[in-house]
Amino acid sequence: MNEIEIKGRLSGKQNDKLKYLLNMMYKPSEIAEEIGFDKRNFYRVYIPLGLPHERDNNNRIWINGIVFKDWINALYIKTKMDNKEAFCLSCKKSVEIVNPRWKEKKGIFFLNCECQNCGRILTKITDRKVK
């Protein structure tokens, strides 16, 4: 996944609002207001990535709500990680867990390890202390 794709990812609340888009043409500002992000995302991220859109005679951009929802869901597919991987928020990718340190707090088991790329401390919550 390249960096521009990560910048356009929607939060959980924004992703939930996608289901309210209709099968009609929207201006980028209308979709941005409905979902809750800046309309500049369309021009900086989504259109360069290939978002299907139309331009009218005045060169204004129009986007179908259902097509936008389907395109976002196809582009940003949620991936599952293996039990031996943790996600690094600095590197924006999953990394293999090496030398985990197990901890428990209030009945919640988790492990800490370092990212092999940047050195950030990663935390992964687990059900039980399993190896």
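Bear in mind these aren't lab numbers, they're just calculated from the coordinates by the rules spelled out. Just so it is clear, the structure is predicted and the values come from calculations on it, not from any experiment. A quick note on method: Cβ atoms are made from the backbone with ideal geometry, for glycine too, and the neighbour counts reach across all protein chains shown.
Tabulated results
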read-out	value
Compactness index (Cα Rg / 2.2 N^0.38 Å), segment 7-76	1.01
Distant-in-sequence amide H partners of Phe109 (H built 1.01 Å from N, under 5 Å)	Thr126
Value of Rg to Rh for the chain (Rh from inverse mean 1/r over Cα pairs, i.e. Kirkwood)	1.12
Residues whose placed amide H lies under 5 Å from that of Glu114, excluding near-sequence neighbours	Val98, Leu122
Reachable lysines from Lys105, criterion Cα separation under 19 angstrom, eight or more residues apart if same chain	Lys124, Lys129, Lys131
Alpha carbon centroid spacing (whole Å) that separates segment 69-131 from segment 19-65	33
Exposure proxy ranking, count of Cβ atoms within 10 Å, fewest first, for Tyr26, Tyr76, Tyr20	Tyr20, Tyr76, Tyr26
0 to 90° range, to nearest 10: angle between helix 65-75 axis and the chain longest Cα axis	30
Trypsin sites (Lys or Arg not before Pro) lying in DSSP loop within segment 1-76, provided at most 15 other Cβ fall within 10 Å	Arg9, Lys39, Arg60
Ellipticity estimate at 222 nm from DSSP helix runs (n ≥ 4, -39,500 (n - 2.57)) divided over the chain, nearest 500	-6000 deg cm²/dmol
Geometric extent, Cα atoms of segment 85-126 - Rg, Dmax (angstrom)	10.2, 31
